[in-house]
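Colleague: Before I ask anything, let me first share the structure, which is written out below as structure tokens.
The values are calculated or read from the model by the stated rules, or taken from the named source; none is laboratory data. Owing to the predicted nature of the structure, the values given are computational and were not obtained by experimental measurement. Neighbour counts run over all protein chains shown; Cβ positions are idealised from the backbone, glycine included. We work out accessible area using only protein heavy atoms, side chains counted, and drop any ligands, DNA or RNA first. Shrake-Rupley method; radii C 1.70, N 1.55, O 1.52, S 1.80 Å.
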Amino acid sequence: MSETRLKILQYITGIGLFLLVGTHLIVSHLSGGEPTAWESIAERASSSFWLAFYVLLLIFGLYHGLHGLRTIIIESIPRLPAKVVDWTLVTAGIAIFGYAAYIPISAF
Amino acid sequence: METKASEKGHLPNRLGIKGWVWGGNYTLERYLYTLHRLTGLGLLLYITLHLAMNGFRLGGVESWEDLMSVFGMSGFKVGEYLVAAAFIFHALNGGRLMLQHLGYTLGKPKPPVYPYVDSMRRRRPIVWVMLASIMALAIYVLVAFVT
């Protein structure tokens, strides 16, 4: 994929994260009640809406974070071949996604 | 190294990470860029820890409540607020960067009349609007955290 497309995806995921993380912060930290209580967690875990929400948040967050990290690494250590950086981050991203998506899916 | 960089059509990055802090007569926007990267790395570290902590949910009620009792301590509350503040800064500054990269808020071209003002040194109202919005939101979230 070209650098321009990767950057456009960075913008799209950035806008998506603004909405998704904003909602997550409001629901989990700024709203009343006990959002981190086990009952509240279990209630959200059984909802297909929240499952889709968290998986989408995870995909957007991983892409945005790892692409940002890639930009910093490639710019700061230009000797490193870009393909090595790309494949390392893609592998790390898939591993983190597998672990992090397993939690809400297994609780659903 | 220089040959490789020039082959790709880029100038070599001689300053490396040191260039984030100082590389000459930097403007406010350049320091906002440094802060954007620092908050981005901080948020990435937080998200990694957050995802690892989420794994405690698989251990059942006791495991989860033990973890939550640790996070109820005041030190973690301060950390939680710093994460929220970093998110506010990163999100709003990211929006500004996006608009500038796409050329929307760069301002109209001006004739080169002395004293010359290059694009990096031009004062843009969007920077001050953004900083005011960050301050307002950070204070709002602080009040929400405290109360």
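Colleague: Being farther than 17 Å from B:Y26 by Cβ and in contact with a helix residue (DSSP H, G or I) (Cβ under 7 Å, 6 or more places away or on another chain) is the filter here; which residues of region B:118-142 pass it?
Modeller: Passing the criteria: B:I126, B:M130, B:S133, B:I134, B:L137, B:A138, B:V141, B:L142.
Colleague: Give the residues of region B:118-128 that are open to solvent by 90 Å² or more (accessible area, probe 1.4 Å), part of a helix (DSSP H, G or I) and either aliphatic (A, V, I, L, M) or at pLDDT below 80 (or both), sorted by residue number. Working first, answer last.
Modeller: Filtering region B:118-128 for residues open to solvent by 90 Å² or more (accessible area, probe 1.4 Å) gives B:120-121, B:123, B:125, B:128.
Checking the rest, the ones that are also part of a helix (DSSP H, G or I) come to B:120-121, B:125, B:128.
B:M120, B:R121, listed by residue number.
Colleague: Residues being assigned to a helix (DSSP H, G or I) and either at pLDDT 90 or above or open to solvent by 60 Å² or more (accessible area, probe 1.4 Å) (or both): count how many of those fall in region A:75-108.
Modeller: Matching residues across region A:75-108 total 22.
Colleague: Follow-up question, since we're still on this one. Go through region A:41-65 and give me each residue that's part of a helix (DSSP H, G or I) and of a type in the set (S, T, N, Q).
Modeller: A:S48
Colleague: Another question about this same structure. Please enumerate the residues belonging to region A:71-87 that are more than 20 Å from A:T4 (Cα to Cα) and more than 9 Å from chain B (Cβ to nearest Cβ).
Modeller: The one that is more than 20 Å from A:T4 (Cα to Cα) and more than 9 Å from chain B (Cβ to nearest Cβ): A:L80.
Colleague: Return the pairs, sorted by first residue and then second, in which the second residue is among the basic types (K, R), the first residue lies in region B:60-80 and is under 15 Å from A:E39 (Cα atoms), the beta carbons are less than 8 Å apart, and the residues are 6+ apart or on different chains.
Modeller: Correct list of pairs: B:S63/B:R57; B:W64/B:R57.
Colleague: Where in region B:1-117 are there helices (runs of 4 or more DSSP H), lying wholly inside it, with at least 2 residues that are open to solvent by less than 40 Å² (accessible area, probe 1.4 Å), touching a helix residue (DSSP H, G or I) at 6+ places or on another chain (Cβ under 7 Å) and at the interface with chain A (Cβ under 10 Å from one of its Cβ atoms)?
Modeller: In region B:1-117, B:28-54, B:61-71, B:74-101 are the helices (runs of 4 or more DSSP H) which contain 2 or more residues that are open to solvent by less than 40 Å² (accessible area, probe 1.4 Å), touching a helix residue (DSSP H, G or I) at 6+ places or on another chain (Cβ under 7 Å) and at the interface with chain A (Cβ under 10 Å from one of its Cβ atoms).
Colleague: Then there's this: Can you confirm whether region A:46-67 contains a residue that is at pLDDT below 85, over 18 Å from B:I47 (Cβ atoms) and not small (G, A, S)?
Modeller: The answer is no; no qualifying residue exists.
Colleague: Of the residues that make up region B:52-67, is at least one within 24 Å of the chain's Cα centre (by Cα) and of a type outside the set (S, T, Y)?
Modeller: The answer is yes, given that some residue of region B:52-67 is within 24 Å of the chain's Cα centre (by Cα) and of a type outside the set (S, T, Y).
Colleague: Within the bounds of region A:23-40, is there any residue that is touching a Lys or Arg at 6+ places or on another chain (Cβ under 7 Å) and either part of a helix (DSSP H, G or I) or within 9 Å of chain B (Cβ to nearest Cβ) (or both)? Before the answer, list the steps.
Modeller: As a first pass, look at region A:23-40 and keep what is touching a Lys or Arg at 6+ places or on another chain (Cβ under 7 Å): none.
No, there is no match, as no residue in region A:23-40 is touching a Lys or Arg at 6+ places or on another chain (Cβ under 7 Å) and either part of a helix (DSSP H, G or I) or within 9 Å of chain B (Cβ to nearest Cβ) (or both).
Colleague: Residue check, A:V21 against (1) surrounded by 12 or more Cβ atoms within 10 Å (Cβ to Cβ); (2) at pLDDT 95 or above, all met but one. Which one?
Modeller: For A:V21, the exception is condition (2).
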